[in-house]
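Below is one structure, written out as structure tokens; the observations come after it.
The values are calculated or read from the model by the stated rules, or taken from the named source; none is laboratory data. Owing to the predicted nature of the structure, the values given are computational and were not obtained by experimental measurement. Here the Cβ positions follow ideal geometry from the backbone for every residue, glycine too, while neighbour counts run over all protein chains shown.
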Ligand code: IZC
Ligand code: ZN
């Protein structure tokens, strides 16, 4: 494999210095930008990052060997990382959206058998092949928007058989698609209709059968619970997350989205890697998250799409919680794949600065899925996942909102998006 030399980016946004731990407070604003910056890549790994002069000197006797990409006038960043998605599902729910536009509430629709239950029905009826194909379209779109790693949750199977089918589809996407897919088990997304008469039995099923089997098959790294009034209580969430811990599945939690419910506190208590949503998290919960280093994954696209006020990002950042951003891509509350749009919303609706939003969608997002040492910044030794945006500075990625500025994506040292098209669809080929 020839070395790849990306040269003279107007802004090379490196995010250097956050590999060991996520960035907090004012550190989230220091993007370590190199003007006229270049990157040398060998065998899929970044080997040098610096000014073009510096690297041209250092590799003077090897310039002929390398494939060169001219990044003049462009902004180059680490591949974006989406640490909270419900990528793998079948069907869509635009009818529910129009009901919500007419005034119906998200929870109301779910309690009437729609919402998550509707997608569960469609997902159960779909073959693994159909799930794979439908989700692959979305994964292509993620990549075209600059995302090179996504987390993907199960949670639309809600039985051992169908949860495993969903996780198998995610694994196959990871194995065959340029985007890396990191799996989370979310058996506790909703109580399925067949257990409605005995929700506690469903919790026991998750703990005694699903978690051990998912772990045995190596199909997930994380274990998540939708902890919300009317879904799973904090006590149920604690039991489920502790059970996962025993099987090596790191806890995550959908916390305090619709009501204050003790989710942030629970995240700190069980040592969750992240607590996500946090629109209604208590001050005490936020304080404990900061203390334990629990990452707050914020989802302003969801608040936007549910027409509610977004999370208070400033309160979290000021308290010292490391903040990450995610799309929450799902058919009910956030049917988008555009992490750059979510970054714009983070600025507009949560008063994050563009610098904080950039850190939150790269290095901090990587930490939220246990990948901070591998991706999320441009530093020697890291995987060569990069995006070239057709704008002269990173602020414009968000300022010109709702526009896809991605010109090129490099994944593991290979050009996988060029001229707005996914080029190489087979991993490692
Ligand atoms: O399908 O509605 N919030 N889970 C929790 C979701 C949204 C996904 C959905
Ligand atoms: Zn979610």
Sole residue being in contact with a strand residue (DSSP E or B) (Cβ under 7 Å, 6 or more places away or on another chain), at pLDDT below 95 and crowded, with 17+ Cβ neighbours inside 10 Å, chosen from 406, 422, 375: 422
Collect the residues in the range 341-371 that are under 14 Å from the mean Cα position of the chain (by Cα), surrounded by 24 or more Cβ atoms within 10 Å (Cβ to Cβ) and part of a helix (DSSP H, G or I), keeping them in residue-number order. 342, 343, 357, 358, 359, 360, 363, 364, 365, 366, 367, 368
Taking the options 131, 144, 160, 186, name whichever one is farther than 26 Å from residue 385 by Cα and surrounded by fewer than 24 Cβ atoms within 10 Å (Cβ to Cβ). 160
Could you list all residues from the range 235-260 that are more than 25 Å from residue 171 (Cβ to Cβ), within 16 Å of ligand 1 (Cβ to nearest atom) and more than 19 Å from the chain's Cα centre (by Cα)? 236, 237, 258, 259
Keeping to the range 203-225, report how many residues are outside any loop (DSSP other than H, G, I, E, B) and crowded, with 23+ Cβ neighbours inside 10 Å. 9
Go through (1) in a loop (DSSP other than H, G, I, E, B); (2) touching a helix residue (DSSP H, G or I) at 6+ places or on another chain (Cβ under 8 Å) one by one and return the number of the condition residue 275 breaks. (1)
Could you say whether any residue in the range 255-272 is in contact with a strand residue (DSSP E or B) (Cβ under 8 Å, 6 or more places away or on another chain) and part of a strand (DSSP E or B)? yes
Quick one: would you say residue 252 is part of a helix (DSSP H, G or I) and closer than 30 Å to residue 376 by Cα? no
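Yes or no, residue by residue, for (1) in contact with a strand residue (DSSP E or B) (Cβ under 8 Å, 6 or more places away or on another chain); (2) part of a helix (DSSP H, G or I):
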{"residue": "81", "(1), (2)": "yes, no"}
{"residue": "89", "(1), (2)": "yes, no"}
{"residue": "96", "(1), (2)": "no, yes"}
{"residue": "103", "(1), (2)": "no, no"}
{"residue": "107", "(1), (2)": "no, yes"}
